[in-house]
Amino acid sequence: MSELLDRFNKPGQKKILSLDGGGIRGALTLGYLKKLEDILKAKFPDQPDFRLCDYFDLIGGTSTGSIIAASLAIGKTVDEITKLYMDLGGKIFGEKRNWWNPMETMKWLKANYSYKAMEDGLKFAYGDLTMGSKELKTGLCIVAKRADTNSIWPLINHPKGKFFDSDLGKNKDIPLWMAVRASSAAPTYFAPQMIEVMKDQQAAFIDGGLSMANNPSLTLLMIATLKGFPFRWEMAEDKLLFVSVGTGYSVFKKYAKEIDDSTMLSWAANIPDMLMQDASWQNRLMMQWLSNSPTADYMDMEIEKMDDDYLAGKPIISYLRYNFRITENDLNELGFTRIFTAADVKSITDMSNSANRQLLYQIGWKASYAIKPEHFEKF
């Protein structure tokens, strides 16, 4: 781990990659990452075996983003991860539990999908690696939520972390597959992941997306800079580059009459998506407030893109955000040979529809025209 420590402590510019949660829509993220990898590989022609882990000093993700983040951190190329992801996604979301076995009543009531396919796939991907394995070539943060204490748990591989290897915890010994499984255990989709966080102390983890960190940008920024964490990197526009990649997003639109007629069941179905969109909006707002970003989003009619609004009076990070709005118009402007309909939008935004994984990758790749080489000129 001394090589990692040297990298973390080396003065100068630091680069962070943040990957959103979003179920099978992580395939869209991979389309963006392929373009990002191509651009950065061209930037370093003297490194023929370039990987994103060579460029980014900290890679973090939530839920499906944690699967990609962990794979990048161990040195896989985007093509290698895509191949793994397409196979794994088909198995994980391949078939719902639409049967009932009297001998497994509790398992059937806990989740729509069997955890075994995910567990087997993650074990195949990461083998015996742990959060403390030397095979992790850069900083890694896997964002999960500990349900029994209702707290966000950022699992990091920094050797000086409070819970990495101390009386407070031995996170270095947590199997990598188990950490990723914990971050991806979305309630109703998959059962919680139990982890022994201290001797004789079990913790129940669920999907990190069930928090303000489905878009983990702000969480990762705090991990990288707050004194409570071991990185303590300097916040300055020319010192800290932050790249955030989404899984696509829908436009929430309802008629007032529909809301007025809502039942408890319809509210239960819509509230998680509403909260996830709110959390993502808040993360983007805060990151833009700290930066002068060339990829700034139009937030709303009041604050617009927040041009010249800086929380610290000036930009204190460099920030890039890449994501795609999944609407009929936006899809039809990407140049596919087909016409997308409202029914297609509904299908594509479904986070568990594995049949769309190849299409989602193509959407991400086509939308990645938003990633420009000049975005990385100073880093």
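The values are calculated or read from the model by the stated rules, or taken from the named source; none is laboratory data. Only a predicted model underlies this, so the values are computations on that prediction, with no experimental measurement involved. Here the Cβ positions follow ideal geometry from the backbone for every residue, glycine too, while neighbour counts run over all protein chains shown. Each accessible area value is taken on the protein alone, full model and side chains, heavy atoms only, with ligands, DNA and RNA left out. Shrake-Rupley method; radii C 1.70, N 1.55, O 1.52, S 1.80 Å.
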Does Asn329 satisfy the condition of being surrounded by 17 or more Cβ atoms within 10 Å (Cβ to Cβ) and not acidic (Asp, Glu)? no
Cβ-Cβ under 9 Å pairs, at least 6 apart or on other chains, region 328-343 side closer than 16 Å to Tyr249 by Cα, far side outside any loop (DSSP other than H, G, I, E, B) and among the small types (Gly, Ala, Ser): Glu328/Ala342; Asp330/Ala367; Leu334/Ala367
Answer residue from region 235-262, given it is at pLDDT below 80 and open to solvent by less than 80 Å² (accessible area, probe 1.4 Å) and is farthest from Trp365 (Cα to Cα) among those: Ser262
Unmet requirement for Leu33, which otherwise passes all of (1) in contact with an Asp or Glu (Cβ under 9 Å, 6 or more places away or on another chain); (2) surrounded by 16 or more Cβ atoms within 10 Å (Cβ to Cβ); (3) assigned to a helix (DSSP H, G or I): (1)
Among the residues listed as Asn353, Asn323, the single one being open to solvent by less than 50 Å² (accessible area, probe 1.4 Å), at pLDDT below 95, closer than 25 Å to Tyr85 by Cα and of a type outside the set (Ser, Thr, Tyr): Asn353
Within region 299-311, is even one residue under 26 Å from Ser66 (Cα atoms) and either over 24 Å from the mean Cα position of the chain (by Cα) or not β-branched (Val, Ile, Thr) (or both)? no
Are any of the residues in region 326-334 farther than 22 Å from Tyr55 by Cα and in contact with a Leu (Cβ under 9 Å, 6 or more places away or on another chain)? yes
Taking the options Ala268, Ala343, Ala296, name whichever one is open to solvent by 60 Å² or more (accessible area, probe 1.4 Å) and either under 30 Å from Asp57 (Cβ atoms) or modelled with pLDDT under 90 (or both). Ala268
For region 46-61, does any single residue satisfy the condition of being under 30 Å from Ser352 (Cβ atoms), in a helix (DSSP H, G or I) and modelled with pLDDT of 95 or more? yes
Elements of type strands (runs of 3 or more DSSP E) in region 131-200, at least 2 residues being in contact with a helix residue (DSSP H, G or I) (Cβ under 6 Å, 6 or more places away or on another chain), touching a residue at least 40 places away in the same chain (Cβ under 8 Å) and open to solvent by less than 20 Å² (accessible area, probe 1.4 Å): 139-146
Of the numbered conditions (1) surrounded by fewer than 23 Cβ atoms within 10 Å (Cβ to Cβ); (2) at pLDDT below 95; (3) not in a helix (DSSP H, G or I), Gly21 satisfies every one except a single condition; which is it? (1)
What is the one condition in (1) outside any helix (DSSP H, G or I); (2) modelled with pLDDT under 95; (3) crowded, with 19+ Cβ neighbours inside 10 Å that Gly89 does not satisfy? (1)
